[in-house]
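We did not get these values from a lab; they are worked out from the coordinates using the rules stated. Values in this document were obtained by computation on a predicted structure and should not be read as measured data. For neighbour counting, all protein chains shown are included, and Cβ atoms are generated from backbone atoms with ideal geometry for every residue, glycine included.
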Amino acid sequence: MSEDGLVDWHSHLLPGLDDGATSLEEALEIAHLLVSAGFRNVCCTPHRLHGLYDLSSDQIRQAVAELQRHLERQRIPLTLHAGSEYYVDEFFVDELNDPLPLGESRYLLLEIPSQGETSMILGALQQVRGRGLIPLLAHPERAPLLTRTLPLTDTSKNSGISFWRRAAKGDAGRASLPSLLVEMTQLGVKFQGNIGSFSGYYGEKVRLAAQTLASHGIYHCYGSDAHRLTSLQRYLNSGMAIYHRQELGRDATPLG
């Protein structure tokens, strides 16, 4: 892994595998945009969803290797890492027979449904832990099961190292956090925030949820969740400006 630059923990860069980049040309344009924003490592995490995106781990690894060759030919300084974004449903446990964590890490990127039985979700997370892997929950700020009862606070005007260090240590207190979120943290679940959430790309409620969760020190890492070039162009620069201004990534975990 390149030691310089930022790590994008969540992207749909691989062309033609899911609802992300539709062509090699678009993938290369997205790669250029990510490099210009300061990223040097990208986790390629296509959707894994039974009946819709039935991908194998080998298929993803091959797609990563192919795109990496094109990046090198174009001299785009971006290192790709294989991964997946697993949808947690009743079929998810079957995926654990051949799991694909992010790069060389033990982090398994997961997306939970917007509604459903929390017992099923917690059971799946426990099974991930039982395999020696670490559940990494994608964009919790966009998950209604986690934010429906979250008291929203706009902390976007706060900045500086001292504020975010205090937040990470829990000065904001976690008593008001939804019980499911607390249970997940007790299970050892980590959380990945979307850069676009902080810029308001997904709406004001999601933006406030992201700011609130950040103030509680919830986030472990961040990702672009890049799908299409046109949508990424709408939020990447503004989101990264907030990322740097509020020092969101100061304590971000390295990949690997």
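Data for the structure
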quantity	calculated
Rounded to 5, percent antiparallel among DSSP beta bridges of region 6-245	5 percent
Length added when fully stretched, R234-T22, from 0.36 nm per residue minus Cα-Cα	74.5 nm
Taking region 1-56 and dividing mean pair separation by its residue count, relative contact order in percent (alpha carbons under 8 Å, at least six apart)	45 percent
Spin-label pair M120/Q74, simplified geometry with 7 Å Cα→Cβ offset, distance in nm	3.9 nm
Using θ = phi - 60° and Karplus 6.51 cos²θ - 1.76 cosθ + 1.60, couplings along region 78-86 (whole Hz; Gly, Pro as x)	9, 9, 9, 10, 6, x, 8, 10, 7
Listed peptides 45-57, 213-225 by packing density, highest first (mean Cβ within 10 Å)	213-225, 45-57
Percent RCO, i.e. relative contact order, over the chain, from Cα pairs under 8 Å lying at least 6 residues apart	21 percent
